[in-house]
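Everything on this sheet refers to the single structure shown next.
Here, each number is a calculation from the coordinates, and none is a lab measurement. None of the values given here were measured: they were computed from a predicted structure. Please note: Cβ atoms are built from the backbone with ideal geometry, for glycine as well, and neighbour counts cover all protein chains shown.
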Amino acid sequence: MFVLFGRNSELVSKSAFLTWTGIIGGAILLYVFVFGIIRDIDYLSFGLLGFYLGKIFFALSIPICLLVYDYYNPREISYQPKSLLEKEGISLKKDFEKCQNIRYGTFWNGYDTIIRYSKDKRDYETIKSFDGNIEYVLKWMDSCSYLRVHEKSGLVESHVQIGNFENGFHSMYMKPAKFHRLEEQRIQQIVTIKSE
C-alpha cells in the first residue's frame, strides 16, 4: 500500500484528504498487524502468511497499476539533440582538398593561436593562449578530422572536425572524447594565418 501510495504521489499530493487518509490508514494497519502478532504468538504464523500473500499481491498488482497510471498520464518525451551541430542546425560541409591544404599551418580562433606541424614523422598541434601552451599529438582520421592525444598519457582529449570553408575562414567542431554534456562541445570560426 505504501509503495503504491509513494508511486502515485503526484496524484495524492493534490488532495490533502487523500494524503492524510493514506498516512493515517497505513499507520493504523501497521500498528494493528504488529499488535496482533505481539498479543498472541499463534498469530505469528498468520502474520507470516499475510506477508507472503502481500508479496504475491504486490507482485501482481504493481505492474498493472503502473500500466494503468502510464496509460492515463502519458509522459512527454522530449527530443535531445545528439550534437551541437544538430542543436544549432549547422551542416559541416567537408572539402577534403581544402582540408589537406590547411593540414599544417598557423590559425587563430579569436582567442588562441593554433599551430599544426609535423616533426619526426608525427603530427603535433600547439594551442597558445593567455593561460599557457598546450601540445597534442594528432591522429588523423581523414583529411578533415583528427584526434587530439596527450603525448605523455596517450589519452584522447577531443575529436576535431574541419569544414565550411569560406573567404579564408573555416569552422572547427570539437567534442570531448569522453562522455560529456552537450555544453562541452564547441564550434569555432578559424582564420588561416599561414598554411604550409
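For this structure, a couple of remarks:
- For the chain, the longest principal axis of the Cα atoms and the long axis of helix 16-39 meet at an angle of about 60 degrees.
- 14 Å Cα-Cα reach of Lys178 towards aspartates and glutamates, excluding residues that sit fewer than 8 places from it in its own chain: Glu157
- Spin-label model distance (nm) - Phe179 vs Trp108, 7 Å beyond Cα toward Cβ: 4.1 nm
- Cα gyration tensor category, rounded, prolate or oblate, for the range 84-195 with a/c compared to 1.5: rounded
- Annotation for the range 114-196: chymotrypsin sites (Phe, Trp or Tyr not before Pro) lying in DSSP loop with at most 11 further Cβ atoms inside 10 Å of their Cβ are Phe130, Phe179.
- Rounded to the nearest 10 degrees, the inclination of helix 43-72 to the longest alpha-carbon principal axis of the chain is 50 degrees.
- In the calculated pair-distance distribution of the chain, the portion above 22 angstrom amounts to 66 percent of the Cα-Cα pairs.
- Calculated mean residue ellipticity at 222 nm for the chain: -12000 deg cm²/dmol, from DSSP H runs with n ≥ 4 weighted as -39500 (n - 2.57), summed, divided by the residue count and rounded to 500.
- Of the GluC sites (Glu not before Pro) found in the range 51-134, those that fall in a DSSP loop while having at most 13 other beta-carbon atoms within 10 Å are Glu76.
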